[in-house]
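The values are calculated or read from the model by the stated rules, or taken from the named source; none is laboratory data. Note that this is a predicted model, so its numbers are computed, not measured. Here the Cβ positions follow ideal geometry from the backbone for every residue, glycine too, while neighbour counts run over all protein chains shown.
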There are 2 protein chains.
Amino acid sequence: MRVSELSRASGVPVATIKFYLREGLLPRGETTSPNQARYDERHLRRLRLIRALVEVGSLPIAVVKDVLAAVDDPGTDLHRMLGTTLYAVTGVPEDDGAGAGKTDDELDELVTAMGWSVSPRAPAPAGARTVLMRMRELGTMPSRETLHAWGEAADRAAQGDMLAVQRAGDRASVVETALVGTVLGDTLLAALRRMAQESHSAQLLRPEPPAARSGG
Amino acid sequence: MRVSELSRASGVPVATIKFYLREGLLPRGETTSPNQARYDERHLRRLRLIRALVEVGSLPIAVVKDVLAAVDDPGTDLHRMLGTTLYAVTGVPEDDGAGAGKTDDELDELVTAMGWSVSPRAPAPAGARTVLMRMRELGTMPSRETLHAWGEAADRAAQGDMLAVQRAGDRASVVETALVGTVLGDTLLAALRRMAQESHSAQLLRPEPPAARSGG
């Protein structure tokens, strides 16, 4: 297909496609005349992945390149490819280091209890630590029981993520599934958590209606 | 204590305290002279709650007033008080309604499977629906198995939330715990999910090291 057809099929404007071609994110099409090139399904597929990385992952072009390089390099195993992708979309909030000691202990205890193995290079633990420090500062540090329930929730979510990744087909789909499932999935999980909260709150905290109290 | 001492103890600037007094968020202190009032622990406590609502919940002053009214009205039971708080911090993304039919079915099926009871007024289902529609549009709609794993994760997180709420003391603490645990908790859960993902990914997707393969 021509670049105009590739644009229609992908929903990505021609100017953006040309930018991706110049940046080397999208491979050149087969040249059919000095001013025309032909594109195929692989280009469409790659555009979909770039769109997910840029629009959903909000990744800068340089980082998109790193992820695509990992996708294209068969020497990078799936675990490392996923790591490159998910580290890239994991923001780390600022951490002034105050009061880190006790929070580190609590996080370490949770990680050990969950049996998680996390690289020292991983950005997520610093994010978790910063949130816990802020909770402590606000006087609302979660108890060990609440923290463990949240750890189990995170573990169950990750099991769902791995199911999705294992069903994905090629390497590009693995990255796309993991990226969309993680970034949009955080928002979905937050919404589902609100629904579960409401349901549990109704059971635990709502006074019984008068009819039920009188045995009706 | 004087307003300057209240400011020091709470970390809230005097000008902000005066603004809260004018807006009626903070009750006036006991007048000790025409230009001075005395404040006590209840004012400090209330300031902490306002700070959580404004700084963590990012709630506008009008909504803070609604939540405080629910806290102060003993006729509002805990479930309704929590609902007022958590509905207020639940953003609903824009939803153009396209393709809602199939997504509604999938969400309804999940809610039924989880045994959740959610009010038609709740903002969270619209948020969940919008994310699912976007996932479908991107060609990365989660399977039923993944969706159920996420539902179970949300349910486990909410159990942790309810444990925290039930340990909180007075009504102000219930609101503060639920608000901080939900808003900052979303970020914490996302970080813990990344850690769990890495751990599961290493187990499922990392090639065995050569030593293990050769039986060492």
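The figures follow:
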{"read-out": "Residue match in region B:94-110 (condition: within 10 Å of chain A (Cβ to nearest Cβ) and either in a loop (DSSP other than H, G, I, E, B) or touching a residue at least 12 places away in the same chain (Cβ under 8 Å) (or both))", "value": "yes"}
{"read-out": "Hey, residue A:55 modelled with pLDDT under 95 and either within 30 Å of residue A:129 (Cβ to Cβ) or under 19 Å from the mean Cα position of the chain (by Cα) (or both) or not", "value": "yes"}
{"read-out": "Options B:63, B:89, B:71, B:56: the member that is away from every other protein chain (no Cβ under 12 Å), touching a residue at least 60 places away in the same chain (Cβ under 8 Å) and not charged (D, E, K, R)", "value": "B:71"}
{"read-out": "Some residue of region B:143-160 being basic (Lys, Arg), more than 17 Å from residue A:195 (Cα to Cα) and touching a Gly at 6+ places or on another chain (Cβ under 8 Å)", "value": "no"}
{"read-out": "Residue count for region A:147-164, restricted to those that are of a type in the set (Gly, Ala, Ser) and over 23 Å from residue B:163 (Cα atoms)", "value": "2"}
{"read-out": "Those residues of region B:140-165 which are more than 7 Å from chain A (Cβ to nearest Cβ) and free of Cβ contacts under 8 Å to residues at least 60 places away in the same chain, in sequence order", "value": "B:141, B:144, B:147, B:148"}
{"read-out": "Residue in region A:113-131 that is facing chain B (nearest Cβ under 7 Å), without any contact (Cβ under 8 Å) to a residue 24 or more places away in the chain, over 19 Å from the mean Cα position of the chain (by Cα) and closer than 20 Å to residue B:180 by Cα present", "value": "no"}
{"read-out": "Residue B:25 in contact with a Phe, Trp or Tyr (Cβ under 9 Å, 6 or more places away or on another chain) and not small (Gly, Ala, Ser)", "value": "yes"}
